[in-house]
Amino acid sequence: MGSGSSKNASYTEADLVSGLQEGKFKNIVIMCGAGISTNAGIPDFRTPSAGLYFKLRKYNLPYPEAVFEGSYFHRNPLPFFGLIRELFPSTLTPTTTHKFFSLLNQKGILRRIYTQNIDALEYLAGVPEDKIVEAHGSFQSSYCTACKKTYDLKWLKTEIFTPDKNDGVPKCEDCQEVVRPNVVLFGEALPNRFWVNITPDFEACDLLLVFGTSLVVSPFNTLVGKPGSAVPRVYINMTKPGSSGSMLGWFLNLAANVDFTRSSDMVMLGDCDQTVQGICNKLDWKEQLDNVEVNNLEDIS
């Protein structure tokens, strides 16, 4: 269970549980970030022993954050794909939190997931594509930077993890130019799907669940202010709102002033999976959660 809670006693875990049990929520919107994927094996690079600077030294970048910039990728994509091989384990399975998302969808009460993650774990957990808005794109699909031919995750996984056959950079089968995942790098525009769904989704939202994101990256963090003032907002993360605990947030020294002091807010500090398990136990959903079927990265190999 989460180790901390909101200073506001007005909205509690008991309120959340009873609301879910009584069917009060029909249009749940989820916002999520890197904190829901660490238990899937995607490492946190904040520690010096596995520091991002150390991982990037061999690429002789002009400055470390260049690896995440679209303009530098166009000049030299090798560091990006090298880092991806470090970030993504060869075996990747959705977490308990991802399964919870899928369970909410099965119950017909999930309106949308807005995710900052590019790992495609929401898909692997069985959440339909139309329920997911990937603010920063995803590895679910990729495309040739020249001829625009598209490829799926299975193909991209194979190409990324067999660098000996392509000099470390995936190449198009038709024109041999660079193939990149459909992700948003720094300096690039967010996908149109992010913008067109915001108004209808957050006007309909009757419960906002925020998982594993410190809400330091704009414009994503502005979404927490979109629901009506009476709509419950539940924040579940290892660090408090506005205090970055993500790899990119730590790396770029990001922070933000995020207000989670409404009477309808609840902050639960702790591991996302453990918190979800505790909530599901109180809902008597444990068996349903355990029975959610997921795929893993090996299944698509």
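Of all residues being open to solvent by 60 Å² or more (accessible area, probe 1.4 Å) and among the acidic types (D, E) in region 126-161, which is nearest to the chain's Cα centre (by Cα)? Just the residue, please.
Applying the filter and picking the extreme gives E129.
On the given criteria, is F54 outside any loop (DSSP other than H, G, I, E, B) and at pLDDT below 90?
It is true that F54 is outside any loop (DSSP other than H, G, I, E, B) and at pLDDT below 90.
Mind listing whichever residues of region 13-38 are modelled with pLDDT of 90 or more and open to solvent by 50 Å² or more (accessible area, probe 1.4 Å)?
A14, D15, Q21, E22, K24, K26
Within region 178-186, can one find any residue that is farther than 21 Å from Q116 by Cα and in contact (Cβ under 8 Å) with a residue 12 or more places away in the chain?
The answer is yes; a qualifying residue exists.
Within region 169-192, can you find the residues that are of a type in the set (A, V, I, L, M, F, W, C), out of contact with any Phe, Trp or Tyr (no Cβ under 8 Å at 6 or more places or on another chain) and open to solvent by 80 Å² or more (accessible area, probe 1.4 Å)?
The one that is of a type in the set (A, V, I, L, M, F, W, C), out of contact with any Phe, Trp or Tyr (no Cβ under 8 Å at 6 or more places or on another chain) and open to solvent by 80 Å² or more (accessible area, probe 1.4 Å): A189.
Can you confirm whether K148 is under 18 Å from G41 (Cα atoms) and not small (G, A, S)?
Spelling it out, it is not the case that K148 is under 18 Å from G41 (Cα atoms) and not small (G, A, S).
Can you pull out every residue in region 74-125 that is more than 30 Å from D284 (Cα to Cα) and open to solvent by less than 40 Å² (accessible area, probe 1.4 Å)?
Selection gives P77, P79, F80, F81, G82, L83, I84, L87, F88, P89.
The values are calculated or read from the model by the stated rules, or taken from the named source; none is laboratory data. Computed from a predicted model, the values in this text were never measured in an experiment. Every residue, glycine among them, receives a Cβ derived from its backbone with ideal geometry; neighbour counts consider all protein chains shown. To get the accessible areas, we keep the full protein, side chains included, count just its heavy atoms, and leave off ligands, DNA and RNA. Shrake-Rupley method; radii C 1.70, N 1.55, O 1.52, S 1.80 Å.
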